[in-house]
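The values are calculated or read from the model by the stated rules, or taken from the named source; none is laboratory data. Owing to the predicted nature of the structure, the values given are computational and were not obtained by experimental measurement. Using ideal geometry, Cβ is built from the backbone for each residue, glycine included, and neighbour counts are taken over all protein chains shown.
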Amino acid sequence: MRYDVIIAGGSYAGMSAGLQLARARRNVLVIDAGQRRNRFAASSHGFLGQDGRAPGDIVEEARRQLLAYPTVEWVSSTAIAASQEAGGFAVETVDGQRYSAQCLLLACGVIDELPDVEGLTQRWGKSVFHCPYCHGYELEQGPIGVLATSPMSLHHALMLPDWGPTTFFTRGVFEPDAEQLESLARRGVVVVPERVERLEGERADVVLADGRVVAIDGLFVLPRIQVAGSLAASLGCALEDGPLGAFIQADPMTRETSVRGVFACGDAAMPFGSVALAVGDGVRAGSGVHRSLIFGAH
């Protein structure tokens, strides 16, 4: 069977796009292996109507609603290659299957490249976070840390005092200038330049190279990102440099990439991401694909 669209990635953005296309009675194939970016978090916040729910529960309910539409199919696998063919695109999965569609939507997400600090990885999504809007409120105004990963971390450090007293661990990665130090002081941020040795304790207490321990209820980090998978590269989609890493370049309205007939949405196509933003971006992409199916020439 040849589909109207193949959606590579069935998390929040991919399913949101698929819902728009299903309601337009288009034949949709979603290929997804279940590796959501926020799979490490116990709860999701800031998404209207779903605040505080477990991410897995949100996804399962969304999938149930999407698959209730008879024109939607789901393949639990990973898309590993894509290529252009006459009248559309072909996608291959890791288990050797091949599928064809008129349009292709990349909702493949990103991979977070976490700092190499002992104890950080196992706390990711539990007491180490990237988004204060998603996780800051639940810290109940307790002590907060910001671990510098780049100059962008200054913005993080200036934001977070609204959620609790903040310590900025610059660790030699970033050295604030006099003006920036003044801005941090006005916000009550304590700057600690020493190297961070490791994280320990039930939450995310920071152990410094000199042996001091700074008690922290939650640590915020801006990891570098990379687009997950190889589909964008294999198709030749242009990338755009963002403050945290490259993402797929896509039209602001239609979400079409530099390759005609290939669309992108969600974290893979934005410089910053959240569940709510991904869902909204999926709506834009789904309607963009639909308009292309009606008016485009592939």
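Values computed for the structure shown
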| quantity | calculated |
| --- | --- |
| Residues (assigned to a loop (DSSP other than H, G, I, E, B) and closer than 16 Å to GLY273 by Cα) located in segment 137-158 | MET152 |
| Cβ-Cβ under 8 Å pairs, at least 6 apart or on other chains, segment 231-245 side within 13 Å of VAL110 (Cβ to Cβ), far side in a helix (DSSP H, G or I) | ALA232/ALA268; LEU239/ALA232 |
| Output for segment 110-123, where each listed residue is out of contact with any helix residue (DSSP H, G or I) (no Cβ under 9 Å at 6 or more places or on another chain), under 21 Å from PRO243 (Cα atoms) and outside any loop (DSSP other than H, G, I, E, B) | ILE111, ASP112, GLU113 |
| Of all residues in segment 88-108 being outside any strand (DSSP E or B) and of a type in the set (Gly, Ala, Ser), the one that is surrounded by the most Cβ atoms within 10 Å (Cβ to Cβ) | ALA107 |
| Test: residue in segment 222-242 that is within 26 Å of ALA41 (Cα to Cα), over 15 Å from the mean Cα position of the chain (by Cα), modelled with pLDDT under 95 and of a type outside the set (Lys, Arg) | yes |
| Members of segment 151-196 that are within 16 Å of LEU219 (Cβ to Cβ), touching a Lys or Arg at 6+ places or on another chain (Cβ under 8 Å) and not aliphatic (A, V, I, L, M) | PRO161, THR166, ARG171, GLU194, ARG195 |
| Matching residues in segment 31-87 - criterion: being of a type in the set (A, V, I, L, M), out of contact with any Phe, Trp or Tyr (no Cβ under 9 Å at 6 or more places or on another chain), surrounded by 12 or more Cβ atoms within 10 Å (Cβ to Cβ) and closer than 19 Å to LEU21 by Cα | VAL72 |
| Selected residue (only one of VAL221, VAL207, VAL214, VAL192 is without any contact (Cβ under 8 Å) to a residue 24 or more places away in the chain, over 30 Å from GLN102 (Cβ atoms) and not charged (D, E, K, R)) | VAL207 |
